[in-house]
1. For region 144-280, what is the accessible area per residue in Å² when the probe is 1.4 Å?
2. Suppose only helical runs count, i.e. DSSP H with n ≥ 4. What mean residue ellipticity at 222 nm does that imply for the chain under -39500 (n - 2.57) per run, divided by all residues and rounded to the nearest 500 deg cm²/dmol?
3. Rounded to a whole number, what % of the accessible area of the chain do carbon and sulfur atoms account for, probe 1.4 Å?
4. Could you order Val6, Val295 so the one with the most accessible surface comes first? Probe is 1.4 Å.
5. For a quick check of understanding: with a 1.4 angstrom probe and all protein chains in place, what accessible area in square angstrom does Ser81 have, to the nearest ten?
6. Among Arg110, Arg286, Arg223, which one moves the most in a GNM of the chain with springs linking Cα atoms closer than 10 Å?
7. Using a Gaussian network model of the chain whose springs link C-alpha atoms within less than 10 Å, name the residue from Ala327, Ala102, Ala128 with the highest mean-square fluctuation.
8. If ligands, DNA and RNA are left out, what is the accessible area of His160 with a 1.4 Å probe, given in Å² to the nearest 10?
Amino acid sequence: MKAFAVDPVKNSLEEPSFFQVEMDRPHLGPRDVLVEVKAISVNPLDVKRRMLVTTTKGDGASTILGWDGCGVVIEKGEDVSLFQLGDEIYYAGEITRQGSYAQYQAVDERIAGHKPRSLSFERSAALALTTITAWESLFDRLRVVPIVNKAGDRLSPLSHPAKSILIIGGAGGVGSMAIQLARQVAGLKVIATASRPSSISWCESLGAHHVVDHNQNWVQAVRDLGFQHVDHVLILNDTDAHFDAACELLAPQGLMCSIVPNQKPLNMDALRAKSAGFFWEAMFVRSKEKTPDMVEQHHLLNQVAAWIDRGLLRDTGTQFYAPITAAHLRQAHLALQSQRTIGKIVLSSYE
Ligand SMILES: NC(=O)c1ccc[n+]([C@@H]2O[C@H](COP(=O)([O-])OP(=O)(O)OC[C@H]3O[C@@H](n4cnc5c(N)ncnc54)[C@H](OP(=O)(O)O)[C@@H]3O)[C@@H](O)[C@H]2O)c1
């Protein structure tokens, strides 16, 4: 099969470099499906892993990056029960396995979902990794409660005022799903951060009630909007820079979650003083540790696909490249590295 590997000699942060390789199709475990990959999307993780291949492993040819994928099931492991041959699925893969920069990919059925019927392969490929991250952050870590049922119908009116959430880095891939889930599914008052006119209007179009600039004094900006505190904070960018201010704005007994590792110690005492909680979200943990509940990722992907088909949520693809080539992968990585992308970058077709 055709795949794209990192060029270990030419690759650098400034010059993402890939080359085409011929590889055997992946071997299937009992719960794996083999996917003919139609479209993929890239994530900041791809850049981080690309640099790891170059600097520590030195063997780009054996490492295929890429986690988000969407395609058709063409083979099944002996114990597969969630999918049939011909099913169209979307998934974010596993951190330790060969990725989606390849014509065929093996994926555990428990971490894949049926793609939204109303979306193309391309638009569906944008969704899985960021959807899983945003969902687990909101519903598993911050313990936010949905206000809609599985069909997308509103549950009975709330007996208490809507809680609030600050989403730091609202226009990125994860933020684009987090804003929608927080507003449309959880019924929260959503304040997002974005720093440019285009990213501000993107956050608003996804449902943010308010947008403040993460490069300015955003604690004051949120207070000027009438929120002395927020019930939840979701940090999707630069935990080191935003943590102290997030503690200041978080309500007593509030909950905070970050998906981005810190580089210096965090002042947990600021949370203790508020009896507040802090969680990390790491979306690959379930698949890496094979936790007993890893099939929850299958269920949440199916649920989000259903809500998209119902029109409750929308897709987040903004830049599309075709076909998938080393040159297009390079362009996609350069765009990601700018840290200024809005929504998601998608590549399609291995023809
Ligand atoms: N733990 C996990 O499971 C997990 C899962 C997914 C991603 N991640 C990590 O989470 C981070 C975000 O992922 P992503 O896919 O959403 O990234 P992304 O799409 O690349 O995010 C781009 C956005 O970041 C915003 N941004 C840039 N600098 C910022 C700053 N200093 N403060 C706040 N926002 C800033 C930009 O907004 P403006 O243009 O408006 O400035 C831009 O819209 C990455 O580091 C990624 O590796 C972790």
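1. Working: 6190 Å² over 137 residues.
Here the residues of region 144-280 average 45 Å² of exposed surface.
2. On the way: 11 runs with 94 residues, N = 351.
After summing the helix terms and dividing by residue count, I get -7500 deg cm²/dmol.
3. Working: 7420 of 14790 Å².
Carbon and sulfur atoms account for 50 percent of the accessible area of the chain.
4. Values: Val6 0, Val295 40 Å².
Result, largest first: Val295, Val6.
5. Solvent-accessible area, nearest 10 Å²: 80 Å².
6. Greatest mean-square fluctuation among the candidates belongs to Arg223.
7. Between Ala327, Ala102, Ala128, it is Ala327 that shows the largest mean-square fluctuation.
8. It works out to around 100 Å².
The values are calculated or read from the model by the stated rules, or taken from the named source; none is laboratory data. Owing to the predicted nature of the structure, the values given are computational and were not obtained by experimental measurement. Neighbour counts run over all protein chains shown; Cβ positions are idealised from the backbone, glycine included. Ligands, DNA and RNA are stripped out before the accessible areas are found, and what is left, the full protein with its side chains, is counted by its heavy atoms. Shrake-Rupley method; radii C 1.70, N 1.55, O 1.52, S 1.80 Å.
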